[in-house]
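The values are calculated or read from the model by the stated rules, or taken from the named source; none is laboratory data. For clarity, every value in this text was computed on a predicted model and none was experimentally measured. Cβ sites come from the backbone with ideal geometry, for glycine too, and all protein chains shown count toward neighbours. The protein model used for the area step is the full one, side chains on, heavy atoms only, and it has no ligands, DNA or RNA in it. Shrake-Rupley method; radii C 1.70, N 1.55, O 1.52, S 1.80 Å.
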Amino acid sequence: MKTESNIIPYLKFGIIAGLVIYLYYPELLTTVQSWSSGYQYSHGYLIPLVSGYLIWRRRHDLRSSLVEPDMLGLFILVPGILLLIIGYAGYEPFIKRYSLIITMIGLVYFLLGKKITKMLLFPIGYLILMLPVPFIFFKSLAANLRTINIKAAYAITEVLGVPIIQEGATLCLPNATLQVIDWCTGIQSLIAMMAISLLYVYLTRMTLTGKIVLVFLSIPLAVAGNIFRILVNIFLAYFFGDKVLGGIIHHFQGMINFSFTLLLLIIVSFLIKRIEVKVSAKKIL
Amino acid sequence: MNRNTIHFIIACLILAVAIGFSKAQDTQNAIPLSESLENIPLESAMYVGSDVRSISILSQYDTADEQLLRSYTARNKDLSILLFVGYWGYQTEHRSIKSPRYMEGAQYFVGKKSVRSPQGSFWTMNSFVHDHDQQKQLIYYAFISAGQIIPDDYHFRLHRMIRTLIYRRNNAALIRASTPITPDVPLQEAEAYIEDFLGEFLPIVLEHLPK
């Protein structure tokens, strides 16, 4: 039977959560709208669910931990709120959105203490991945990825003896023309791979060095995967014509390619773990 | 009162103050133009212009207080430059200057270019090639705020935020010039053409904007 003292913590949580949601409601609304407005943020729906699952996984540890409110939390909470105020005063939505994460971490530290904050730091920090970045940053990243993809695909195709000309973002074959638009630069795969690799390293047992190496390796793996995808399109178009690239083939190709890149990530993580085991065995000897 | 409750009350107070601030409405006064953009000359010694109407460009900047969209052609050439100038007397989160890069299509050769006037002054602008629907165009643009020409998008956002915070004013303008890139007019030629044009017209545009 719940006593009055058992209900009070839940009541306090509800009040704080309600105030935070009321304070950040406009930013939360535009964030959710961005998830449905374009392909680049469609993964946003999953991020809060993953974050919630990660917290639920540690529910026993959280329940058994002592609540030790810490004034040091103000050094995180106050800057988070100040960033929000600066975002309002300076009409800068990007700063307002990202201040939410800092405010949440600050509140947890201030109200629940250091030990619980350590348990919740990753699940709360992971929510950064659901926030849209400024469009100009997205465009700049896409432009850089496009340059890498096109140059690599062009060089490999030339070496393999297929006649090809590159004109900016366009690759010209004798019988087809392919344009690498923003959605073909692999930017979505890159964002998804970063999200998955971060989650993967959090859930697996690995040294800190191994985790950092794996997260950083996910970037070239995503880029390599997209270069491979462009090459497949080039060869399909060269041998069968550009009509073979339309519609369902293009759609499924993306999914197959991403699954393959994910498999590579898992293989790399196994290799890293084997290296770590060998290194630690040598240290013992 | 135990420590948990004290921390809870402090957290609620901090959040309540933040809510109070966020709900407070702060209106800005619009800063008017020194002279209407319509008074930018249609003709000069080197160029002839005409007003145009492009739904795609004008709709992108429909929050501007004043807009100008013209096509200019050099008297000795058959190549047009589309010039857009927009002015915002004040900006808010919902009426702010969007970067010309905020559009669909591939963009490459993004970089800073110098534009020199016949009198010897020079400014830095941002440029890129836009490739969409098999049509390429070279675009030069810069933001103008408090008499400064700011080519960088991030710098402009920071500058706008700081001016809003300190001076409670963030009036600014955008100048955007574009010309097509074709097999007959390659990139280098298009760059030289657009830079010559901007060297002549940028000082004229600056005269129409508040310092």
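Filter the stretch B:131-153 for residues that are in contact (Cβ under 8 Å) with a residue 24 or more places away in the chain, within 26 Å of A:LEU171 (Cα to Cα) and facing chain A (nearest Cβ under 10 Å) and give the result.
First, the residues of the stretch B:131-153 that are in contact (Cβ under 8 Å) with a residue 24 or more places away in the chain: B:131-133, B:135-147, B:149, B:151-153.
Still in the running and within 26 Å of A:LEU171 (Cα to Cα): B:131-133, B:135-140.
Passing the criteria: B:ASP131, B:HIS132, B:ASP133, B:LYS136.
Restricting attention to the stretch A:71-105, and to residues there that are at the interface with chain B (Cβ under 9 Å from one of its Cβ atoms) and over 17 Å from B:SER22 (Cβ atoms), which single residue is most open to solvent (accessible area, probe 1.4 Å)?
Top of the filtered list is A:MET71.
How many of the residues making up the stretch B:196-208 are of a type outside the set (A, V, I, L, M, F, W, C) and surrounded by fewer than 16 Cβ atoms within 10 Å (Cβ to Cβ)? It would help to see each step written out before you state the result.
Step one: list which residues in the stretch B:196-208 are of a type outside the set (A, V, I, L, M, F, W, C), which gives B:196, B:199-200, B:203, B:207-208.
The next check asks that each one be surrounded by fewer than 16 Cβ atoms within 10 Å (Cβ to Cβ); those that pass are B:203, B:207.
Residues in the stretch B:196-208 being of a type outside the set (A, V, I, L, M, F, W, C) and surrounded by fewer than 16 Cβ atoms within 10 Å (Cβ to Cβ): 2 in total.
Return the residues of the stretch A:78-98 that are in a loop (DSSP other than H, G, I, E, B) and touching an Asp or Glu at 6+ places or on another chain (Cβ under 6 Å); say none if nothing qualifies.
The first filter runs over the stretch A:78-98 and keeps only residues in a loop (DSSP other than H, G, I, E, B), leaving A:90-92.
A:TYR91 - this is the single residue of the stretch A:78-98 that is in a loop (DSSP other than H, G, I, E, B) and touching an Asp or Glu at 6+ places or on another chain (Cβ under 6 Å).
Looking only at residues in the stretch A:197-220 that are in contact (Cβ under 8 Å) with a residue 24 or more places away in the chain, farther than 11 Å from A:SER269 by Cα and within 15 Å of the chain's Cα centre (by Cα), which one is surrounded by the most Cβ atoms within 10 Å (Cβ to Cβ)?
A:LEU198
Identify, by number, the condition in (1) away from chain B (no Cβ under 13 Å); (2) over 30 Å from B:HIS7 (Cβ atoms); (3) surrounded by 18 or more Cβ atoms within 10 Å (Cβ to Cβ) that A:GLY161 doesn't meet.
(3)
May I ask you to list pairs of residues, at least six apart or on different chains, whose Cβ atoms are under 8 Å apart, with the first in the stretch A:267-284 being on the phi > 0 side of the Ramachandran plot and surrounded by 15 or more Cβ atoms within 10 Å (Cβ to Cβ) and the second being hydroxyl-bearing (Ser, Thr, Tyr) and not in a helix (DSSP H, G or I)?
Correct list of pairs: empty, since none qualify.
Is it fair to say A:VAL108 is within 14 Å of chain B (Cβ to nearest Cβ), in contact (Cβ under 8 Å) with a residue 24 or more places away in the chain, in a helix (DSSP H, G or I) and open to solvent by 10 Å² or more (accessible area, probe 1.4 Å)? Spell out the reasoning first.
Values: within 14 Å of chain B (Cβ to nearest Cβ): yes; in contact (Cβ under 8 Å) with a residue 24 or more places away in the chain: yes; in a helix (DSSP H, G or I): yes; open to solvent by 10 Å² or more (accessible area, probe 1.4 Å): yes.
Judged against the criteria, A:VAL108 is a match.
To keep it simple, each residue is scored yes or no on (1) within 14 Å of chain A (Cβ to nearest Cβ); (2) free of Cβ contacts under 8 Å to residues at least 60 places away in the same chain; (3) under 29 Å from A:GLY168 (Cα atoms).
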| position | (1), (2), (3) |
| --- | --- |
| B:VAL115 | no, no, yes |
| B:MET125 | no, no, yes |
| B:PHE128 | yes, yes, yes |
| B:ILE166 | yes, yes, no |
| B:ALA172 | yes, no, no |
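Could you say whether any residue in the stretch B:87-101 is surrounded by fewer than 20 Cβ atoms within 10 Å (Cβ to Cβ), modelled with pLDDT under 95 and among the β-branched types (Val, Ile, Thr)?
yes
Inspect the stretch A:142-149 for any residue being open to solvent by 20 Å² or more (accessible area, probe 1.4 Å), closer than 30 Å to A:ARG97 by Cα, among the hydrophobic types (A, V, I, L, M, F, W, C) and not in a strand (DSSP E or B) and give the result as yes or no. Don't jump to the end; show me each part of the working.
Within the stretch A:142-149, the subset open to solvent by 20 Å² or more (accessible area, probe 1.4 Å) is A:144, A:147-148.
Right, trim to closer than 30 Å to A:ARG97 by Cα and you get A:144.
Now narrow it down to the ones that are among the hydrophobic types (A, V, I, L, M, F, W, C): none.
No; the residues of the stretch A:142-149 include none that is open to solvent by 20 Å² or more (accessible area, probe 1.4 Å), closer than 30 Å to A:ARG97 by Cα, among the hydrophobic types (A, V, I, L, M, F, W, C) and not in a strand (DSSP E or B).
Taking the stretch B:39-73 as the region of interest, how many residues are open to solvent by less than 40 Å² (accessible area, probe 1.4 Å), modelled with pLDDT under 90 and over 22 Å from B:ALA173 (Cα atoms)?
1
Which count do you get for residues in the stretch B:31-88 that are under 20 Å from the mean Cα position of the chain (by Cα), among the acidic types (Asp, Glu) and part of a loop (DSSP other than H, G, I, E, B)?
Residues meeting the conditions: 3.
For the subset of the stretch A:44-77 comprising residues that are part of a helix (DSSP H, G or I) and of a type in the set (Lys, Arg), which member is nearest to A:VAL133 (Cα to Cα)?
Going residue by residue through the stretch A:44-77, those that are part of a helix (DSSP H, G or I) are A:44-57, A:59-64, A:71-77.
Imposing the further condition that a residue be of a type in the set (Lys, Arg) reduces the set to A:57, A:59, A:63.
Numbers: A:ARG57: 29, A:ARG59: 31, A:ARG63: 35 Å.
So the residue we want is A:ARG57.
When residues of the stretch A:120-134 are filtered for being surrounded by fewer than 18 Cβ atoms within 10 Å (Cβ to Cβ) and either of a type in the set (Lys, Arg) or within 20 Å of A:MET71 (Cβ to Cβ) (or both), how many remain?
1
So how many residues does the stretch A:169-185 have that are free of Cβ contacts under 8 Å to residues at least 24 places away in the same chain, facing chain B (nearest Cβ under 8 Å) and not aliphatic (A, V, I, L, M)?
2
Working carefully through the options B:TYR108, B:TYR167, B:TYR193, B:TYR141, find the one that is aromatic (Phe, Trp, Tyr) and surrounded by fewer than 16 Cβ atoms within 10 Å (Cβ to Cβ). I'd like the intermediate steps shown before the answer.
Values: B:TYR108 fails: surrounded by fewer than 16 Cβ atoms within 10 Å (Cβ to Cβ); B:TYR193 fails: surrounded by fewer than 16 Cβ atoms within 10 Å (Cβ to Cβ); B:TYR141 fails: surrounded by fewer than 16 Cβ atoms within 10 Å (Cβ to Cβ).
Among B:TYR108, B:TYR167, B:TYR193, B:TYR141, only B:TYR167 is aromatic (Phe, Trp, Tyr) and surrounded by fewer than 16 Cβ atoms within 10 Å (Cβ to Cβ).
Go through (1) of a type in the set (Ser, Thr, Tyr); (2) at pLDDT 90 or above; (3) over 19 Å from A:PHE137 (Cβ atoms) and name the single condition B:SER121 misses.
(2)
I'm trying to understand the selection: among the residues of the stretch B:12-30, which are open to solvent by less than 40 Å² (accessible area, probe 1.4 Å) and either within 24 Å of the chain's Cα centre (by Cα) or at pLDDT below 90 (or both)?
Once the filter is applied, which keeps residues that are open to solvent by less than 40 Å² (accessible area, probe 1.4 Å) and either within 24 Å of the chain's Cα centre (by Cα) or at pLDDT below 90 (or both), the stretch B:12-30 yields B:SER22, B:GLN28.
Since B:PHE8 meets every condition but one in (1) in contact (Cβ under 8 Å) with a residue 24 or more places away in the chain; (2) surrounded by 18 or more Cβ atoms within 10 Å (Cβ to Cβ); (3) within 14 Å of chain A (Cβ to nearest Cβ), which condition does it not meet?
Among (1) in contact (Cβ under 8 Å) with a residue 24 or more places away in the chain; (2) surrounded by 18 or more Cβ atoms within 10 Å (Cβ to Cβ); (3) within 14 Å of chain A (Cβ to nearest Cβ), the lone unmet condition for B:PHE8 is (1).
Which numbered condition trips up B:LYS113, out of (1) within 21 Å of B:TYR61 (Cα to Cα); (2) surrounded by 14 or more Cβ atoms within 10 Å (Cβ to Cβ)?
Exception for B:LYS113: condition (1).
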